[in-house]
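Each remark here refers to the structure printed beneath this line.
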Amino acid sequence: MYKKIGLFLLVVCVLFSVFAVSAQDKPYEGQTIRVVLSNHAWTDAVAPMIPEFEELTGIKVEWESYGEEQLNQKLTTEFIAGNAGMDVFMTRPLQEGANMEMNGWYQDLNEYAADDADFDLNDFTEASRGATTFNGTLTAIPLVTEQEVLYYRKDILEEKGIAVPTTLDELYAAAEALNDPANDFYGFVARGQRSPLVTQLSAYIYSYGGDWFDRETYAATLNTPETLAGIEMYSSLLKNFGPPGVLNMHWAQCIGIFNEKKVALYTDASSLYPNLLDPTKSDVAEVTGVAVFPAGPEGSVTYDITAWGLAMYADSQNKDAAWEFIRWATGKENSLFIQGEKAQQLARTSVWNNPEGIKSFPADWAAAVAASVGARSYDRPLITAVTEARDIIGGIVVTAIEGGDYIKTADEANAQFQALLDLEK
């Protein structure tokens, strides 16, 4: 009888132990979180792994994705309405970070990440953490980083005996020499849409010694000789050697025409490289090269930014479960896989120091990125009214491309921009 009782107690203890371990391993089992993401290559990489997370944690993930502007509109609408059904979302720190932080929509992730030794917040580059920190609040865990680089047709330059441009003057000369509109081939392409072009205009302005405003005095500098020189170079390249319809071109349209074998030179974000060098996506993958952004009078001064971060909504009802998803999605293991296997340019230092993390990148691309790391941490004005600022700045370039008096427009834009800056003081 005692043996039966002992056996019964042993079975009970084993079952209790199994249940206890399971409960400990899955403390949030049964919870559901809502995750709202951008239509982005990072999302494409992490989405198929979400069932793995659900199995690992017991947390049910309801996720959805939208285009960049749709995402921002949806988030803003729901946050203003006080929708507590949001838990995790992708965010663009340079675009909406200051405004969302001011409105109190971000949960400060320092409260979760700072003491999480396994997560290792310090593994993220200082620049990337700085880009997602506003007024001491860690608004998001850095995801995708990028710099501006030069994409070029290796075969065309070789055929014409033209060296890869290393200066902006050489870029202009090469674009002029290669421009052949009679045969539907163009020397240069870049973003021409009024607001989207601003981020790529930045490296031109910086390389001529200009900037958006003086960060100490908050004085607008859109009409200084240095800034105007960068604007003139960018707009002249598009006006004189760009394809038809350039004023309607965002990065997707630029990549499309480059892949149609109609353009020789293209400056844009390094993170776009899979769309150009992946043979499954590009017809010119084998003949496309990548180089450091060409230097102006002040050298090659590009940006080194955090384009996207993963944030937690301040009014989330499932904060611990939400953090579990964020730490899993941006952890060392998944970051290594996403960068190494899916060719996403991430912010963890350990990933770049691991050969597995850089195996998918072409050597010339990696060299161009390495030469740009540590550059300016912003590619647009870092102010709350960044959307309005981009529209004001982009208007100068549009005027120049259309052949108007862009200097007059710059003077008017500078006054409008100063009015925005005065509100920031």
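Readers should treat all values here as calculations from the given coordinates under stated rules, not as data from a laboratory. Computed from a predicted model, the values in this text were never measured in an experiment. Virtual Cβ from ideal backbone geometry, glycine too; neighbours counted across all protein chains shown.
Observations on the model:
- With contributions of -39500 (n - 2.57) from each DSSP H run of at least four residues, the per-residue ellipticity at 222 nm computed over the chain stands at -14000 deg cm²/dmol.
- Proximal charge balance of residue 107 [Cβ under 10 Å; K/R count +1, D/E count -1]: -3
- The chain - Debye-derived log10 I(q)/I(0), Cα point model, q = 0.06 Å⁻¹: -0.29
- Among the GluC sites (Glu not before Pro) in the stretch 352-425, those placed in a DSSP loop whose Cβ has at most 15 other Cβ atoms within 10 Å are 402.
- Springs join every pair of Cα atoms under 10 Å in this Gaussian network model of the chain, and among 190, 163, 415 the largest mean-square fluctuation is at 163.
- The stretch 204-246 and the stretch 134-196 have Cα centres spaced 15 Å apart.
- Spin-label pair residue 342-residue 184: with each label point 7 Å from Cα along the Cα-Cβ axis, the two points sit 3.6 nm from one another.
- The protection proxy used here, the mean number of other Cβ atoms lying within 10 Å of each residue, ranks peptides 213-223, 241-251, 176-186 as follows, highest first: 241-251, 213-223, 176-186.
- Cut-off 14 Å between beta-carbons: net charge of the residues surrounding residue 122, Lys and Arg +1, Asp and Glu -1: -3
- The chain: relative contact order as a whole-number percent, Cα under 8 Å and 6+ apart: 24
- Estimated FRET transfer efficiency when R0 is 45 angstrom, pair residue 55-residue 260 (beta carbons, to 0.05): 0.55
- Cα long-axis angle, helix 197-207 against the chain (0 to 90 degrees, to the nearest 10): 70
- Within the shell of other residues whose beta carbon sits under 15 angstrom from the beta carbon of residue 81, the net charge comes to 0, with Lys and Arg scored +1 and Asp and Glu -1.
- For the residues 381, 51, 165, a GNM of the chain with alpha-carbon springs under 10 Å puts the largest fluctuation on 51.
- Cα shape, the stretch 269-425, gyration tensor, a/c 1.5 rule: oblate
- Extents of the stretch 219-322, largest first, come to 55, 47, 27 Å (Cα atoms, principal axes, whole angstrom).
- Which of 179, 350, 61, positive extreme of dipole for the chain (C-beta unit charges): 61
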